[in-house]
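Worksheet: one structure, shown below.
All of the numbers you see were taken from the coordinates with simple rules; none came from a lab. Predicted model only: the values in this text are computed from it and were never measured. Because the Cβ atoms are built from the backbone with ideal geometry, glycine has one as well, and the counts that use them run over all protein chains shown.
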Amino acid sequence: MISDLPFYASERRSAAFRPFKAFGHFRKLVADKEDTAQVFYMSEYLPSRRFKAQAKRFCESKPGRSLMNSQAHLPDLLDDHETLASLPADSVAHAYVAFMRREGLSAAGLVEASQIPGIEAYEDRYQWLIDRLRDTHDLAHVLTGYGRDALGEQCVLGFTSAQYYDWTEWFIAWAGSPELVTKVKSDAPVFAAIAEARRHGRAAAPIFEQDIRALLAEPLERARERLGLAEPGQYRRAHARYRAKGIDPYQLFAEAAA
């Protein structure tokens with residue numbers, strides 16, 4: 001069982017903090033936001049001691065140990081759309097399946113994107129938690145209300161980075177905002193939207209600590225209320241201001257290039 005594994009494998013070496021290397025991969029991500037492999041490369045150069053301490057506390061807690069054994073591999077659960085679709089129509093599961101089908105996504109696809117030559121996976125509890133954060137990314141979109149548009153991705157990363165002290169997600173959330181402001185001329189509150197997402201992430205119960213199977217069966221609005229998820233007001237205001245100028249928020253860079 002995963003709970004019997006060491007927290008940190010003896011062969012796992014602590015990565016060095018190399019922000020300039022990370023920035024190089026960030027530029028590639030900006031050029032192609034679907035190139036999610038760059039996120040995992042960045043994480044190799046932006047380790048967080050605070051996150052490691054948080055991970056250790058959770059992995060050694062009773063709830064953490066219970067989840068690592070009952071939900072060892074979330075993609076199998078998340079990609080079983082037939083079973084999820086059998087849950088009530090107002091459930092988190094229905095909203096999640098609709099989101100994944102609309103966007104053409106799968107949890108297995110994100111796993112594949114994370115399997116990159118040169119980045120090792122280890123048999124330890126730390127790896128289980130890293131994988132769990134990856135696997136719940138799209139679920140965070142559904143729960144928070146942030147879409148997969150450029151600003152929505154930055155906001156959801158601002159939210160999650162505040163929940164588990166991830167430097168990579170923090171970096172992408174903030175470093176990508178000048179790109180939006182300079183390339184897309186509007187009065188949309190980009191910085192305010194990301195700052196609000198960060199506040200919401202700090203205030204809400206951590207999504208990665210939840211029993212995901214139970215969460216999926218829960219009514220969406222009740223789950224949002226229970227987790228303390230506030231409305232993404234600044235993000236919606238930004239979308240309204242983009243549209244007032246005839247700009248599609250989901251095609252920002254394409255329209256800027258045109």
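The magnitude of the dipole of the chain, with charges of +1 and -1 set on the Cβ of Lys/Arg and Asp/Glu and taken from the Cα centre, is near 1120 debye. Based on Cα contacts under 8 Å between residues 6+ apart, the chain shows a relative contact order of 22 percent.
If the cut-off is a Cα-Cα distance under 16 Å, which lysines reach K245, setting aside same-chain residues fewer than 8 apart in sequence? By straight Cα distance, K245 reaches K183, K185.
Scoring 132-139, 83-90 by mean Cβ neighbours within 10 Å over their residues and listing the highest first yields 132-139, 83-90.
Listed by Cβ neighbour count within 10 Å, with the fewest neighbours leading, H141, H25 appear as H25, H141. Across the options Y250, G201, S106, the greatest Cα extent toward the positive end of the charge dipole of the chain (unit charges at beta carbon of Lys, Arg, Asp, Glu) belongs to G201. When peptides 36-49, 54-67, 1-14 are sorted by average Cβ neighbour count within 10 Å, with the highest value leading, the order is 36-49, 54-67, 1-14.
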